[in-house]
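Trainee: Pasting a structure here, questions to come.
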Amino acid sequence: MKIVGISSSPRGKNSNTLKLLDAVLEGAKEAGAEVESIDVAKLNIKYCIACDKCHKKGECSIKDDFPALLTKLLQADGVIWSSPNYITNVTAQLKTVFDRCPLVIHEQLFEGKYSMSLTTAGGNEIDFILDIMNNFTIQCGGCSIGGVGCSMSQGPGAVEAAIEKSREMGKDLVEAIKEKKKYPEQEARQKAWKEGFKYSILANKDHWTHNCDYWMEKGWIKE
């Protein structure tokens, strides 16, 4: 079992969110998973240019570090997203990664994968940031087991509690993967999304050839 942790803070080793990520990876490793931490702020990942090549050909036209990162994500059984709260959102570094994933969303390539999310903030806007990351996984066809957030203004005790909770949730992530845990509400959302998005696929079938072929192969649409 492979679990990949994504750090997106530009502060590197000084990141408070990284402390939570390290704890999750420790817990997952203790539970038997192979783990890897990736700092996307150190990678060369350019902005999506909406060229549609991924929809047409199933590959990205931009030559940078994103394709290698995507390969690692697709090969993983679990993904941990982590980002500090930047203006009530994830960091630009993580948002850029998300923006480069239209193929993952269109073809639900995270199907069968599990994720969780982590954030830290100066104030109390925690759940909104976690939801951005959790919803991204669900939108891509995967399952989210939830997340851990910490308001740094609450002091060292809150940080230590969040670190311990993160370590335990790393073990929970491994367990969810092992038992292939079901999340009916998330699955219902994905079913409803597919039912609506199939009309976009059919409307663009002459242009989004890779997407269309994939949907037919999966049996989500018919010719």
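Trainee: Pick from the range 105-126 the residues that are open to solvent by 40 Å² or more (accessible area, probe 1.4 Å) and closer than 17 Å to residue 20 by Cβ: which of them is nearest to the chain's Cα centre (by Cα)?
Mentor: This residue is 125.
Trainee: For the range 166-209, enumerate the residues that are surrounded by 15 or more Cβ atoms within 10 Å (Cβ to Cβ) and not in a helix (DSSP H, G or I).
Mentor: 183, 204, 205, 208
Trainee: When residues of the range 34-47 are filtered for being open to solvent by 60 Å² or more (accessible area, probe 1.4 Å) and either in contact with a Lys or Arg (Cβ under 9 Å, 6 or more places away or on another chain) or of a type in the set (Phe, Trp, Tyr) (or both), how many remain?
Mentor: 3
Trainee: Has the range 14-25 got at least one residue that is more than 17 Å from the chain's Cα centre (by Cα), open to solvent by 70 Å² or more (accessible area, probe 1.4 Å) and not small (Gly, Ala, Ser)?
Mentor: The answer is yes, given that some residue of the range 14-25 is more than 17 Å from the chain's Cα centre (by Cα), open to solvent by 70 Å² or more (accessible area, probe 1.4 Å) and not small (Gly, Ala, Ser).
Trainee: Which one of these is in contact (Cβ under 8 Å) with a residue 40 or more places away in the chain and open to solvent by 20 Å² or more (accessible area, probe 1.4 Å): 129, 163, 138?
Mentor: After applying the criteria, what remains is 163.
The values are calculated or read from the model by the stated rules, or taken from the named source; none is laboratory data. On a predicted model such as this, the values are computed, not experimentally measured, just so you know. Using ideal geometry, Cβ is built from the backbone for each residue, glycine included, and neighbour counts are taken over all protein chains shown. With ligands, DNA and RNA removed, areas are computed over all heavy atoms of the protein, side chains included. Shrake-Rupley method; radii C 1.70, N 1.55, O 1.52, S 1.80 Å.
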